Amino acid sequence: MQCKENKKEILTETQTTILEKKLIINKSEFGKMPDGTIVEQYKLTNKNSIEVDIITYGGRITSLKVPNKRGDIENVVLGFDNLNDYLNENPYFGALIGRYGNRIANGKFTLEGNEYTLAINNGSNHLHGGLVGFDSVVWDAEPIEGTDNTALKLTYLSKDREEGYPGNLKVTVIYTLSNDNTLEVSYKATTNKTTVVNLTQHAYFNLTGDFSKDILNHDLVLNADAFLPVDSGLIPTGEIRNVKGSPFDFTSVKKIGKEIEADNEQLKLGGGYDHCWVLNGKKGNMRFVASAYDETSGRFMEVFSEEPGMQLYTGNFLDGSLPIPNGGTYNKRTGFCLETQHYPDSPNQKEFPTTTLKPGEIYSTKTTYKFSTK
């Protein structure tokens, strides 16, 4: 999607002028890092009053407001209203994830004959980029306003051996909000040394708009005939298993909670769903990969992606310790994630689609989330 750049008309939070025929971005200060670095927040709004708030710390979506079937606009993603809560330990609420989304076994992989050791931050494994992944750095931001869509371009340079990864990795992520109520997330990266890359977005959705409610009554469809079984450390075993006849079959509409407590070894390992599905269709082709629907609110979300896999995580480890901005706490299974990505542990599993990026190549992928009501 192309946007006409117009940096001069970026509005501060206190300005309320609405420019006809141009979608607007509002910029404000969200807080300061311990070293004094200012964290900015950008609010993207379309003509239908859908709003998405993004902060430069971790490129995180802090709020995504969409209408229900009565026209009431409410936030449908879990998050916080202040920087301190994001700086404290939290389960990657709304964050950009890298260099490698999901797990790498034992925090090690071999590339071109060289073994690399990564930060260990999930049992004996490496998870979501390490101790200071892309979720925990401040990105550079460039807002772009246009007539059909509005976008925020985020850039970050991950230096050679950051968290153990080889190569200087230049990363660009663009969030684009369109007038058809689609939020697109596009990713690009280049490197000066052979490395591995697997970027994703870690929004937790609850389409009810009421975070005191769980997500078990959401209707879910996953365009995937197979998933990846895991071991006790949630590392894929290497098997690609057909979902037919199992609790992992979401090829037709099914409540998230229908079989989440089934007597199933894989569900017990994940404490619920915390697995990667093998998406139907060819990697690199944009296609439908998932949908979610909440009957009470009427909100319907469709997901399209170029990625080969998608992690469904059902908030199994939310434990009531994190605050909801308007009161209360985020309890178990009050949000679900649909993280489009390559498969976990791909650098160690040669049968999985490669996540290797070499100098001169461009890592490029995108995922979109389209919202409507019914």
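In table form, for the structure just shown:
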item	result
Globularity ratio of the stretch 210-278, using Cα Rg and 2.2 N^0.38 Å	1.11
Linear extension gain, Thr251 paired with Leu157, 0.36 nm per residue minus alpha-carbon span	30.0 nm
Positive-end extreme of charge dipole, the chain - chosen from Leu357, Thr190, Gly146 (charges on Cβ)	Gly146
Point-to-point label distance, Ile240-Lys350, nm (Cα→Cβ direction, 7 Å offset)	1.7 nm
Farthest toward positive dipole pole in the chain [+1 Lys/Arg, -1 Asp/Glu at C-beta], among Ala224, Tyr204, Asn102	Ala224
Full-extension gain in nm, Lys69 to Asn179, via 0.36 nm per residue minus C-alpha separation	37.8 nm
Directionally averaged shadow of the stretch 56-163, computed from the convex hull of its alpha-carbon atoms, nm²	9.8 nm²
Cα→Cβ-extended label distance, 7 Å offset, between Lys283 and Ala262, nm	2.7 nm
Among Asn88, Asn48, Asn75: highest mean-square fluctuation, GNM of the chain, C-alpha pairs under 10 Å	Asn88
Relative contact order (percent, whole number), the stretch 7-373, Cα cutoff 8 Å, 6+ residue spacing	17 percent
Cα-Cα P(r), the chain, percent of pairs per 10 Å interval	5, 25, 35, 26, 8, 1
Debye equation applied to the C-alpha atoms of the stretch 303-374, log10 I(q)/I(0) at 0.23 Å⁻¹	-1.06
Cα-projected label distance for Thr117 with Ser372, points at 7 Å along beta-carbon direction, nm	5.3 nm
Positive-end residue of Thr296, Ala262, Leu83, charge dipole of the chain with Cβ unit charges	Thr296
The chain, helix-only ellipticity at 222 nm - DSSP H runs n ≥ 4, -39,500 (n - 2.57), divided by all residues, nearest 500	-500 deg cm²/dmol
Magnitude of the charge dipole, the stretch 7-373, Cβ model with Lys/Arg +1 and Asp/Glu -1, debye to 20	680 debye
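The numbers here are math on the coordinates, done by the rules we state, and not lab data. All figures in this text were calculated on a predicted structure; none of them were measured in a lab. Cβ: placed from backbone, ideal geometry, glycine included. Neighbour counts: every protein chain shown.
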